[in-house]
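Asks: Attaching a single structure in C-alpha cells format; questions to follow.
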C-alpha cells in the first residue's frame, strides 16, 4: 500500500490532483481510499487530501502522522503545515522557489512559462511521477488525464510533461 498526502491552499488544485491520482489507481487495478479536509469557505484556506492506494487492510481513509510514503506540497508553505504526516524515510515533493534538493521544483515558474500558472499542480505531479516513487507510471497519469478531454487537455498534458522533464534523472 502507498499512502500519499497532497497539501496546498484553496484554488491550487489539491482536489483535482487527488482525483487524478485516485482515478489512475483504479484504472490500473488498485483499490483506493481518499479523504479531504479543507478550509474552502474562502479561497486560500488550507487543503489536505489523504490518498491510500493498493492492498487496503484498513477501513480508515485517513493517514496517521508519520506514515505517509509521499508528500506533494503544492504551496511553498505546505510542508511546514502538513509535513508531520510524512514518515522518516518518505519523500516530499514541494513547489518552492528555493530548490534545495532534487525533490523541490519551482512549479509555478514552469507553469507560468507554459502560459498557465494554474497548471503548477500538474507540473509538480509530473515531477513526482518522474521520480519513480509513485504507485503509477507517468504514462498511466497521461492516459487518465487524456480521458478527461475538455478545453484544458492540451495545456494540462504540457504541464504534466514539463514536470516529468524537470526531474533530475542523473541523480537517482
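Asks: Does the stretch 20-31 hold any residues that are touching a strand residue (DSSP E or B) at 6+ places or on another chain (Cβ under 8 Å) and either touching a residue at least 60 places away in the same chain (Cβ under 8 Å) or surrounded by 18 or more Cβ atoms within 10 Å (Cβ to Cβ) (or both), and which are they? Please lay out each step first, then the result.
Replies: Taking the stretch 20-31 and keeping what is touching a strand residue (DSSP E or B) at 6+ places or on another chain (Cβ under 8 Å), we get 21-22, 25-26, 30-31.
Residues satisfying the conditions are 21, 22, 25, 30.
Asks: Just name the residue that is surrounded by the most Cβ atoms within 10 Å (Cβ to Cβ) out of those in the stretch 148-162 that are within 21 Å of residue 26 (Cα to Cα) and modelled with pLDDT of 95 or more.
Replies: Looking at the filtered set, the residue picked out is 160.
Asks: Take the stretch 129-169 and flag every residue that is touching a residue at least 40 places away in the same chain (Cβ under 8 Å) and on the phi > 0 side of the Ramachandran plot.
Replies: Correct list: 132 only.
Asks: Is it true that residue 125 is under 26 Å from residue 54 (Cβ atoms), touching a strand residue (DSSP E or B) at 6+ places or on another chain (Cβ under 8 Å) and assigned to a loop (DSSP other than H, G, I, E, B)? So that I can check it myself, show each step before the final result.
Replies: Numbers: under 26 Å from residue 54 (Cβ atoms): yes; touching a strand residue (DSSP E or B) at 6+ places or on another chain (Cβ under 8 Å): yes; assigned to a loop (DSSP other than H, G, I, E, B): no.
Criteria not met by residue 125.
Asks: Six or more apart or on different chains, Cβ under 6 Å: which pairs go from a residue in the stretch 76-90 that's in contact (Cβ under 8 Å) with a residue 40 or more places away in the chain to one that's in a loop (DSSP other than H, G, I, E, B)? Could you list them?
Replies: Qualifying pairs under 6 Å: 85/63; 85/65.
Asks: Taking into account only those residues within the stretch 32-41 that are touching a strand residue (DSSP E or B) at 6+ places or on another chain (Cβ under 6 Å) and surrounded by fewer than 17 Cβ atoms within 10 Å (Cβ to Cβ), which is farthest from residue 125 (Cα to Cα)? Walk me through how you get there before you give the answer.
Replies: As a first pass, look at the stretch 32-41 and keep what is touching a strand residue (DSSP E or B) at 6+ places or on another chain (Cβ under 6 Å): 32-39.
Cutting the leftovers down to surrounded by fewer than 17 Cβ atoms within 10 Å (Cβ to Cβ) gives us 35-39.
Values: 35: 18, 36: 18, 37: 20, 38: 20, 39: 22 Å.
Within the stretch 32-41, the match that is farthest from residue 125 (Cα to Cα) is 39.
Asks: Is it the case, given these coordinates, that residue 45 is more than 23 Å from residue 136 (Cα to Cα), in contact (Cβ under 8 Å) with a residue 24 or more places away in the chain, loosely packed, with under 14 Cβ neighbours inside 10 Å and out of contact with any helix residue (DSSP H, G or I) (no Cβ under 8 Å at 6 or more places or on another chain)?
Replies: Values: more than 23 Å from residue 136 (Cα to Cα): yes; in contact (Cβ under 8 Å) with a residue 24 or more places away in the chain: yes; loosely packed, with under 14 Cβ neighbours inside 10 Å: yes; out of contact with any helix residue (DSSP H, G or I) (no Cβ under 8 Å at 6 or more places or on another chain): yes.
Judged against the criteria, residue 45 is a match.
The values are calculated or read from the model by the stated rules, or taken from the named source; none is laboratory data. From a predicted model like this one, the values you see are computed outputs, not experimental measurements. When we count neighbours, we look across all protein chains shown, and the Cβ atoms used for this are built from the backbone with ideal geometry, even at glycine.
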